[in-house]
1. Would you tell me the accessible area of ASP33, worked out with a 1.4 angstrom probe on the heavy atoms of the protein chains, in Å² to the nearest 10?
2. In terms of solvent-accessible area of protein heavy atoms at a 1.4 angstrom probe, what is the ranking of ARG23, ARG69, highest value first?
3. I need the calculated FRET efficiency for the pair VAL42 and ILE98, taking r as the beta carbon distance and R₀ as 25 Å, to the nearest 0.05.
4. Give, as a single signed number, the net charge of other residues whose beta carbon lies under 14 Å from the beta carbon of ASP35, with Lys and Arg counted +1 and Asp and Glu -1.
5. With a 1.4 Å probe and all protein chains in place, put LEU94, LEU45 in order of accessible area, largest first.
6. Would you kindly state how much longer the chain becomes between ASP22 and SER89 on full extension, computed as 0.36 nm times their sequence separation minus their alpha carbon distance, in nm to one decimal?
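The values are calculated or read from the model by the stated rules, or taken from the named source; none is laboratory data. Keep in mind that this is a model prediction, so the values were computed, not measured. Glycine also receives a Cβ, built like all others from the backbone with ideal geometry; neighbour counts cover every protein chain displayed. Side chains are part of the model used for accessible areas, which takes the heavy atoms of the whole protein and leaves out ligands, DNA and RNA. Shrake-Rupley method; radii C 1.70, N 1.55, O 1.52, S 1.80 Å.
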Amino acid sequence: MTTAQILALTGLPQIEQAGLGDRIQYIEGNLLDTDWGNNYDVVFLSNILHGLTVEQCEIALNKAFQALRGGGTLLINDLFHPGDQGKLSSPISLFSLIYYVTCGGRIRNRRF
């Protein structure tokens, strides 16, 4: 896959078409190693934390908070399980097992 094909999958063309290119910044790179910059109003982590180990999640979340301006917002869109408040469904249990076996990640409860 070429870089252009990957960027097309990120939603960048839609951002430009909507005239939001000056308001939304896409940072290309490994989220654990890349400099995110700072002073952002919002940092959005979407469907990434479940594929990371606990240590990697801590790095990503620390980087996200450091990238925010004072009063900024961190938005997280990911899979969560109910923890002590309920049973895991079979599909969520299977996904969590697959994430753990393939990359050390898992579907976490809201308390992490």
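1. Its accessible surface works out to 120 Å², give or take rounding.
2. On the way: ARG23 180, ARG69 95 Å².
The residues order as ARG23, ARG69, largest area first.
3. 0.25
4. Values: positive: LYS63; negative: GLU28, ASP33.
Local charge sum for ASP35: -1.
5. Details: LEU94 95, LEU45 15 Å².
Result, largest first: LEU94, LEU45.
6. On the way: separation 67, 0.36 × 67 = 24.12 nm, distance 4.17 nm.
Here the answer is 19.9 nm.
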